[in-house]
Amino acid sequence: MKALIQRVSHASVKVDQTTVASIGKGILIFLGIEKADQQTVSTRLLHKVLNYRVFPDDSGHMNLSLLDAAGELLVVSQFTLAASTGKGLRPSFSSAMQPTEAVLLYEHFIDQARAHCKVSSGLFGADMQVDLCNDGPVTFLLSA
């Protein structure tokens, strides 16, 4: 499981020109789910996302987590993070979990996150347009 996280001042997701989710200050997470992933992996990755210190403290140093900063979380499924790009000019998605299984882990991740902070999400498997203001810019690729 991979999470591309971006510290944002705001972010939103549209499907068919309708806004389905939006947040203010927080983290936008693009979540990629791979075949070998399980709920234990999801739990570890969520802990990392919630506690990763990407927000500035009073001195301007990245010492605060999403929880410390009372930020919001926007979760967007993105199977392309599971792509293998090492050979050729076309990505292979053979390591991505099948959608019928991946949606369960995606929903598990979101359900667990809701116990800790305000969470919004895109629509799993939909063609989405994501609008964001990356604050910093601050972007990290995390894996569990």
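Rule-based calculations on the coordinates, nothing more; no lab input. Worth saying up front: this structure is predicted, and the values here are computed from it rather than measured. FYI the Cβ positions are ideal-geometry reconstructions off the backbone, even for glycines, and counts take in every protein chain you see.
Observations on the structure shown:
- Charge dipole magnitude, Cβ of K and R +1, D and E -1 - the chain, Cα centre, debye nearest 20: 340
- Total formal charge among the other residues, if their Cβ is under 12 angstrom from that of ASN63, Lys/Arg +1 and Asp/Glu -1: -2
- Considering only the range 2-143, percent of DSSP beta bridges that pair antiparallel, nearest 5: 75
- Among HIS61, HIS10, the ranking by other beta carbons within 10 Å of each residue's beta carbon, starting with the fewest, stands as HIS61, HIS10.
- Relative contact order of the range 1-116: 28 percent, from C-alpha pairs under 8 Å at least 6 residues apart in sequence.
- Three-way shape call for the range 66-133 based on the alpha-carbon gyration tensor, with the a/c threshold at 1.5: prolate
- Net charge of neighbours whose Cβ lies under 13 Å from the Cβ of LYS118, counting Lys and Arg as +1 and Asp and Glu as -1: +1
- 21 Å tail of the calculated P(r), the chain, as % of Cα pairs: 41
- Summed residue charge, Cβ within 13 Å of LEU45's Cβ, Lys/Arg positive, Asp/Glu negative: +1
- Cβ-based exposure ranking for MET62, MET97, MET1, MET128, in which fewest neighbours within 10 Å come first: MET62, MET128, MET97, MET1
- Estimated from helical segments only, the mean residue ellipticity of the chain at 222 nm is -6500 deg cm²/dmol, where each DSSP H run of four or more residues counts as -39500 (n - 2.57).
- Taking other Cβ atoms within 10 Å as a rough exposure proxy, VAL20, VAL54 sort from fewest to most as VAL20, VAL54.
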